[in-house]
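Here the structure is laid out as structure tokens; the discussion comes afterwards.
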Amino acid sequence: MSAANKSGTRHLAGGKFHESLFRYGWLWSNGSMDSGSNNGLGICGLTAIEMAAMLATGEISARELLAAHLERIEQVNPALNAIVTFTPELAAERAAAADEAHARGESLGLLHGLPVAHKDLALTAGVRTTMGSPLFADFVPDIDALVVERQREAGAVMVGKTNTPEFGAGSHTFNPVFGITRNPYNVDKTCGGSSGGAAVALAARMLPLCDGSDLGGSLRNPAAFCNIVGFRPSPGRVPSTTSMDAWFPLAVEGPMARTVADVAFFLQALAGPDDRSPVSNQESPKVFAGSLERDLRGVRVAWSPDAGGLPVDPAVRAATAKVPDVLSGLGCEVVEGWPDLSDAPQVFQARRAWVFAVGFGSLLSEHGDQMKETLVWNIEKGLSMSIADYADACRRHTQLFAAVDDFMSPDGGIDYLACPTTQVPPFDVEVEYPTEIEGVEFETYIDWMRSCSDITVTTHPAISVPAGFTPDGLPVGLQLIGRHRADRSVLELAHAWETATRHVDVLPSLSGLS
């Protein structure tokens, strides 16, 4: 592919592509990071909320904030490959518009002047959207996805697109268009997926906020692998106008950030009703405003170290062993237990195959030879599924939801579920997907993700927050799941966990990357 295309965007490459505008001398040396709150990162080490406050007071301009992040991207992105299509000219225009509005005493919105990037599955008007597929390597849409539209209308400054697996299939971010995205904690390891590029951009402090999407764990898995926060909201909380099946209950879009408070802040721009989505949640996004502090005394959390009996790597078990003690220290009553999710794998596989057939079935006959093998398998599974099998999956899904809702109802007495986000730590980038854990062998490329995909089937809101590290320094996540549509409550518990543990402060060391 050439460096430029008709949208006016280009790939990241070496060399300077902007004028540095540092007024404060906030520069870092060698692109290195270590544990601590800012570590010489200056502006890029701040939270999104802190950046927004500085922009609002005029302590820093949107141009300066953009320049700092472009410099950071230039330093570390070539080795990590998180941002794959780059829009510096568009970013400069939007940053200038933000500064001009501020000079007039105006704000463009909640995200005024904040740099962001969009997952390469999300349509971006005038900017290449490849979906990680050679079939769409030169595709430039003429509309924005709603999640993109809302960020633009809130004043965000788009710097480009983040990498994703081919059509978002699988939780290892690589594709034939852009290649592999690497984990900033160890570049020989995967960053997860399918929102892997977004997770890496956040972890490496290239950006303060990124959007993502989640079917089987695509907001949560990469968050766990990269020591950041990924929140899977309830279906319809962040509505979509470009989904493959507008009524499909398992695929959602949502926020990723470096702290839980930043996720809540971001949701105020992303969430809210839209009549173009038939499943749009009607609650105001203002529900995410205000402090996340909460008295958790008496809150009951059902904890399972293996997500209800799944195989879990010993390093993940060890890293999450103290979860019950920390939650108890927050005032929670922790019980070991789990709802019956035994039907979840069959439901998930059937409903996932269905939506793959809906979305990609028409491409298979002519272009199957240009699709990865696991994607072809998933599409064919959907196309060959009988209506009786799909009907059975839908019936089981309804029963499973009712059982989980009972388990987590006031009568059932459980307010939250808690378990490791992933069953394995980040694996080698040369491995497409794990084929076994603890001696348990898997039949498909998504069986290793059940700690997340089982929760997807419940449709309950779920978050991954940093939970610790393996002995060799790889991040591990904790998944917290709330009651049906109780999205804010999940953020409140996650915020308390984050405040108590501060695993989020342990940053990757990126010195010596080239």
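Residue check: is residue 424 part of a helix (DSSP H, G or I) and aliphatic (A, V, I, L, M)? I'd like the intermediate steps shown before the answer.
Values: part of a helix (DSSP H, G or I): no; aliphatic (A, V, I, L, M): yes.
No: the conditions fail for residue 424.
Which members of the range 105-120 meet the condition of being under 19 Å from residue 206 (Cβ atoms) and in a loop (DSSP other than H, G, I, E, B)? Quick ask: steps written out before the conclusion?
Residues of the range 105-120 under 19 Å from residue 206 (Cβ atoms): 111, 113-120.
Listed by number, the residues that qualify are 111, 113, 114, 120.
Select from the range 330-350 the residues that are open to solvent by 30 Å² or more (accessible area, probe 1.4 Å) and more than 24 Å from the chain's Cα centre (by Cα) and list them in ascending order.
330, 333, 334, 335, 336, 338, 340, 342, 343, 346
Per-residue answers, yes or no, for (1) assigned to a helix (DSSP H, G or I); (2) over 24 Å from the mean Cα position of the chain (by Cα); (3) of a type in the set (A, V, I, L, M):
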site: 286; (1), (2), (3): yes, no, no
site: 312; (1), (2), (3): no, no, yes
site: 328; (1), (2), (3): yes, yes, no
site: 352; (1), (2), (3): yes, no, no
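If you take the residues in the range 177-206 that are of a type in the set (D, E, K, R) and assigned to a strand (DSSP E or B), which one is nearest to residue 128 (Cα to Cα)?
Residues of the range 177-206 that are of a type in the set (D, E, K, R), as a first pass: 182, 188-189, 205.
Subset that is assigned to a strand (DSSP E or B): 182, 188-189.
Values: 182: 22, 188: 28, 189: 27 Å.
Ranking the candidates gives 182 first.
So how many residues does the range 259-276 have that are over 11 Å from residue 233 (Cβ atoms), open to solvent by less than 10 Å² (accessible area, probe 1.4 Å) and assigned to a loop (DSSP other than H, G, I, E, B)?
The total comes to 1.
Check 59, 50, 89 and return the single one that is at pLDDT 95 or above, open to solvent by 50 Å² or more (accessible area, probe 1.4 Å) and not in a helix (DSSP H, G or I).
Details: 50 fails: not in a helix (DSSP H, G or I); 89 fails: not in a helix (DSSP H, G or I).
So the residue among 59, 50, 89 that is at pLDDT 95 or above, open to solvent by 50 Å² or more (accessible area, probe 1.4 Å) and not in a helix (DSSP H, G or I) is 59.
Mind telling me which of the residues 214, 188 ends up being open to solvent by less than 10 Å² (accessible area, probe 1.4 Å), out of contact with any Pro (no Cβ under 6 Å at 6 or more places or on another chain), among the charged types (D, E, K, R) and touching a residue at least 12 places away in the same chain (Cβ under 8 Å)? It would help to see each step written out before you state the result.
Numbers: 188 fails: open to solvent by less than 10 Å² (accessible area, probe 1.4 Å).
Answer to the selection: 214.
For residue 138, work out the one condition from (1) assigned to a helix (DSSP H, G or I); (2) open to solvent by 30 Å² or more (accessible area, probe 1.4 Å); (3) of a type outside the set (Gly, Ala, Ser) it doesn't fulfil.
Condition not satisfied by residue 138: (1).
Within the set of pairs 6+ apart or on separate chains, which have a first residue in the range 431-454 that is farther than 25 Å from residue 417 by Cβ and touching a residue at least 24 places away in the same chain (Cβ under 8 Å), a second that is among the hydrophobic types (A, V, I, L, M, F, W, C) and open to solvent by 60 Å² or more (accessible area, probe 1.4 Å), and C-beta atoms under 9 Å apart?
445/377
The values are calculated or read from the model by the stated rules, or taken from the named source; none is laboratory data. Just so we're clear, the structure is a prediction, and the values are computed from it rather than from any experiment. When we count neighbours, we look across all protein chains shown, and the Cβ atoms used for this are built from the backbone with ideal geometry, even at glycine. Just so you know, the surface numbers come from the protein's heavy atoms only, side chains and all, with ligands and any DNA or RNA stripped out. Shrake-Rupley method; radii C 1.70, N 1.55, O 1.52, S 1.80 Å.
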